[in-house]
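I have placed the structure first, in the form of structure tokens, so that the comments after it can refer back to it.
The values are calculated or read from the model by the stated rules, or taken from the named source; none is laboratory data. Note that this is a predicted model, so its numbers are computed, not measured. Every residue, glycine as well, gets a Cβ built from its backbone with ideal geometry; the counts of neighbours run over all protein chains shown.
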Amino acid sequence: MRRKRYQEGSLQIRSHGKRKNWAVLYWEGGARKYYTLGLHSKMSKSEAQHKQAEFMGEINAKAATTPDPAITFGNYLSNVALPFMRKKWKRSTALTSENRITHHLAEFSETRLTAITLKALQTFLGRKAAELSRSMVAHLRWDLRSVFKLALAEGYTQRDPTAALYTPREAETEPTRVMTAKEVEQYIGVLELRESVIAHLAIFAGMRPGEILGLQRQHVSEDCRAVTIAQRLYRGDIDTPKTRSSKRTVAIPTKTASLMQEWMGLVAQSTEAWVFSSENAAKPMWRDNIWCRGMKPKLKPLGLDWANFQVLRRTHASLGHEAGIDPKVAADQRGHGIGVALDVYTKTALSKRAEAAEVLENSVFAA
């Protein structure tokens, strides 16, 4: 961010007709200005200098709090926007969002913030649509809107060029897959006990991987029929739960609870002990480690190595929907809103859609 220059001003005598005045010359907004201090005949030089110091103090104070109109996007981002956003982000959010922003928006770093146009930003999203997933492009659009909304509020710009931004149609939508009931049986059948428990918790209890790996003995009921989500693990960092409520209780079905009881017999007895600890037992396991070392190699021969933790979460939602589970109950179990449950995670099988189409057609032609 460009440093504001401290000014003392230039004390001069200026004539207005037959009168002479003390005046101070100074810079403001890139223009040379002057301010009349008083009549030369009624004010000594020392008095004029005292008034000059008072006036320039006000000018310098004003300049210190006025946003720099020539600030670059990069300076604004690093000195204003990101420090503000970090205050509201969770640590896990900061790890992904800040990296995405600083990496992808770097091409605007040397551009003056006020010179960035809607056309330039939309062109930028168009280029990214050819390289990245639709989800990532949508996130970048959201990032830009957040950055410029703050700039407008803080007076760094007089307009927001992001208000009309849209996610380009060319942005590819990643295919979303879920497992069938038969595939779930195969999936669980090839895993070792530890990985099987984790898969059960994800598929049948709807837990996120970070919630599973953030469990300590104190969070698991004695009969393993319920676990409390009080924290989550993200890239080795223990953070608060993703849901807005500080804690939630997840119900564990019978077969999963039985399997978990078997596993808990191998876990250290301390209440602080990690349910799924690393080799030294002092830290919890990372998601990537458990997936790459314990799950994916076992699943690859079955052709199910595409079914990562995101797929497990969608599978929980989709199989639950097919089983007729109330959407609100399922959403509460997974820890998010009912709209997300239906729009994002739930995928209906083609056979179910075919049945629905038959029902609709028969309702018309049956008569």
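One line per residue, one yes/no per condition, for (1) out of contact with any Lys or Arg (no Cβ under 9 Å at 6 or more places or on another chain); (2) over 30 Å from Ala23 (Cβ atoms):
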{"position": "Pro67", "(1), (2)": "yes, no"}
{"position": "Ala81", "(1), (2)": "yes, yes"}
{"position": "Ile116", "(1), (2)": "yes, yes"}
{"position": "Ala129", "(1), (2)": "no, yes"}
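Farther than 28 Å from Ala115 by Cα and either touching a Cys at 6+ places or on another chain (Cβ under 7 Å) or at pLDDT 75 or above (or both): does that describe Ala48?
In short, yes.
Every residue in the stretch 297-318 that is among the polar types (S, T, N, Q) and either under 16 Å from Arg287 (Cβ atoms) or in contact with a Ser or Thr (Cβ under 6 Å, 6 or more places away or on another chain) (or both), please.
Asn308, Gln310, Ser318
Yes/no per residue for (1) under 27 Å from Leu25 (Cβ atoms); (2) surrounded by fewer than 18 Cβ atoms within 10 Å (Cβ to Cβ):
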residue: Ala53; (1), (2): yes, yes
residue: Asn60; (1), (2): yes, yes
residue: Pro67; (1), (2): yes, yes
residue: Thr72; (1), (2): no, no
residue: Asn79; (1), (2): no, yes
residue: His104; (1), (2): no, no
residue: Thr111; (1), (2): no, yes
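Checking the structure you have, find out if any residue of the stretch 335-349 is surrounded by 12 or more Cβ atoms within 10 Å (Cβ to Cβ), assigned to a helix (DSSP H, G or I), at pLDDT 60 or above and out of contact with any Leu (no Cβ under 9 Å at 6 or more places or on another chain).
The answer is no, given that none of the residues of the stretch 335-349 is surrounded by 12 or more Cβ atoms within 10 Å (Cβ to Cβ), assigned to a helix (DSSP H, G or I), at pLDDT 60 or above and out of contact with any Leu (no Cβ under 9 Å at 6 or more places or on another chain).
Mind telling me which of the residues Leu37, Leu125 ends up being in contact (Cβ under 8 Å) with a residue 40 or more places away in the chain, among the aliphatic types (A, V, I, L, M) and either over 30 Å from Ala171 (Cα atoms) or surrounded by 14 or more Cβ atoms within 10 Å (Cβ to Cβ) (or both)?
From the options Leu37, Leu125, the qualifying one is Leu125.
Test Thr249 against the criterion of being surrounded by fewer than 16 Cβ atoms within 10 Å (Cβ to Cβ), in contact with a helix residue (DSSP H, G or I) (Cβ under 8 Å, 6 or more places away or on another chain) and of a type in the set (Val, Ile, Thr), and give yes or no.
Judged against the criteria, Thr249 is not a match.
Between a first residue in the stretch 148-162 that is without any contact (Cβ under 8 Å) to a residue 40 or more places away in the chain and assigned to a helix (DSSP H, G or I) and a second residue that is surrounded by fewer than 19 Cβ atoms within 10 Å (Cβ to Cβ) and of a type in the set (S, T, N, Q), which pairs have beta carbons less than 8 Å apart while being 6 or more apart in sequence or on different chains?
Here the result reads Leu152/Gln158, each pair linking the stretch 148-162 to a residue that is surrounded by fewer than 19 Cβ atoms within 10 Å (Cβ to Cβ) and of a type in the set (S, T, N, Q).
Given the conditions (1) within 30 Å of Leu215 (Cβ to Cβ); (2) under 28 Å from the mean Cα position of the chain (by Cα), report the number of the one that Glu192 does not fulfil.
Going through (1) within 30 Å of Leu215 (Cβ to Cβ); (2) under 28 Å from the mean Cα position of the chain (by Cα) one by one, Glu192 breaks only (2).
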